[in-house]
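In what follows, a single structure is set out as structure tokens and then discussed.
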Amino acid sequence: MKEEVPCFRARLWGVRGSYPTPGPQTVRYGGNTSCVEVQVGTQTIIFDAGSGIIRLGYDLLQRNTADGPIDISLFITHGHGDHLIGLPFFNPLYEPRANITFYGPRLAGRNIEQLVTPLMSQPYFPVDMRKLPSHRTFHTLNGTERITWHEGKHEALIEMGKAREEQASRQPSEDEVRLTVKLTSSHPLDGAAVYQIAYAGRRLVYATDVEWKERCESEFLEFIRGADVLIHDAQYTSDDYYAAKQGFGHSRVQAATQVAREAQVGMLVLFHHEPTYDDEKLDALQAEAQSQFACTYSAYEGMEIDLLKDVPTVQTRG
């Protein structure tokens, strides 16, 4: 029997915010909206279903050609279109072998099932999600959850409230993948979820669609403190932000680097790029950010981060 090799690897499939921006000006960084895949332990975890999830769906089916289930956990941060636009074209939804578990916060009084199902129903889409052959389950999050998977099992243990607080100091065992949730109110109008994955002594945080003006929330800093990798919203330059973008729910590059320094994270990945910024602009923003926090990268499609290296490493672009 082949021994499983421990894995904790993130791959970025969509890195833009607001709307997709295909074209020659975004070739190097990519034009698809938010979608991050994390292969961790034996789990496939996906953050957001922006247009980047479309290519990911094809890739997942190509990787899983043998008989047997395809288990996917899909975590939605919030209900804005750039984070859901790719969902109707996510091929595993049409695959009978696929078991897809949706997680996400309650927004505008809607649970996660009520949030995503209308995207695939009349009059918005010709195919009704409720009639698809995949197997779907839904969990609405309130921000106090600790979600744990044991090796080889798709079904998760979900602890809430006091149960999470009582075990806050317990580190995951070697065969556990642990995901914790924090809801913020920093993204209009209903807020967004921030997710943290812990496995094999390493931690990754996905914190898109957060806006820090002069200072970020102290509770957020404690939630992410010491993370090995922080994927953080950095949509705007300071000039653009202060000229016309305050209150839109997104951060400046300088705010992201400040958070990274104060929380003492290992690596910062600038994410949710402004759609009007071309490749050269993102090059310049990366250089500027590195002068403030040395281990910083501007997110690009196809970026892979291996967290189980002695120091988490980023795959070099070909």
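The values are calculated or read from the model by the stated rules, or taken from the named source; none is laboratory data. Values in this document were obtained by computation on a predicted structure and should not be read as measured data. Glycine also receives a Cβ, built like all others from the backbone with ideal geometry; neighbour counts cover every protein chain displayed. Calculation scope for accessible area: heavy atoms of the full protein, side chains included, ligands and nucleic acids excluded. Shrake-Rupley method; radii C 1.70, N 1.55, O 1.52, S 1.80 Å.
When the solvent-accessible area of the chain is split by element, carbon and sulfur atoms take up 50 percent of it, the probe being 1.4 Å. Equivalent-ellipsoid semi-axes for the chain (Cα gyration tensor, √(5λ), whole Å, largest first): 28, 23, 20. The packing ranking, built from the mean of other Cβ atoms within 10 Å per residue, places the peptides 264-273, 189-198, 203-212 in the order 203-212, 264-273, 189-198, highest first.
I'd like the per residue volume of the convex hull spanned by the Cα atoms of the stretch 98-160, given in cubic angstrom.
Per-residue hull volume (Cα only) is 80 Å³.
Among the listed pairs Lys182/Lys213; Lys131/Lys153; Lys213/Lys309; Lys153/Lys213, those whose Cα-Cα separation exceeds 31 Å are Lys213/Lys309; Lys153/Lys213. Note on the stretch 184-231: Kirkwood radius taken over Cα pairs, Stokes-Einstein applied at 10 °C and 1.306 mPa s, translational D equal to 139 µm² s⁻¹.
Quick check: the distance between the Cα centres of the stretch 256-318 and the stretch 80-154, to the nearest angstrom? Rounded to whole Å, the Cα centres lie 29 Å apart.
Over the chain, with the other protein chains present, what is the accessible area per residue in square angstrom, probe 1.4 angstrom? Kindly include the intermediate steps, with their values, before the conclusion.
Numbers: 14040 Å² over 318 residues.
Using a 1.4 Å probe on heavy atoms only, each residue of the chain averages 44 Å².
Sorting 122-128, 216-222 by their mean Cβ neighbour count within 10 Å, with the most densely packed peptide first, gives 216-222, 122-128.
One equal scatterer on each Cα of the stretch 99-226, no solvent, Debye formula: the resulting log10 I(q)/I(0) at q = 0.09 Å⁻¹ is -0.32. Measuring how big the stretch 1-66 is from its alpha-carbon positions, Rg and Dmax come out at 14.0, 48 Å.
Between the residues Gln25, Gln292, Pro96, the greatest Cα displacement towards the positive end of the dipole of the chain, with unit charges on the Cβ of Lys, Arg, Asp and Glu, is found for Pro96.
Based on the alpha-carbon gyration tensor of the stretch 235-284, what equivalent-ellipsoid semi-axes (square roots of 5 times the eigenvalues) come out, in whole Å, largest first? Please list the in-between numbers first.
On the way: eigenvalues 75, 42, 14 Å².
Equivalent-ellipsoid dimensions as semi-axes: 19, 14, 8 Å.
Here the Debye sum runs over all C-alpha atoms of the stretch 1-135 as equal scatterers in vacuum, and log10 of I(q)/I(0) at q = 0.11, 0.14 Å⁻¹ comes out as -0.41, -0.66. For the stretch 185-318, the Stokes-Einstein estimate of translational diffusion at 37 °C and a viscosity of 0.692 mPa s comes to 219 µm²/s, using the Kirkwood hydrodynamic radius over alpha-carbon pairs. Among 48-54, 152-158, sorting by the average number of other beta carbon atoms lying within 10 angstrom of each residue, highest first, gives 48-54, 152-158.
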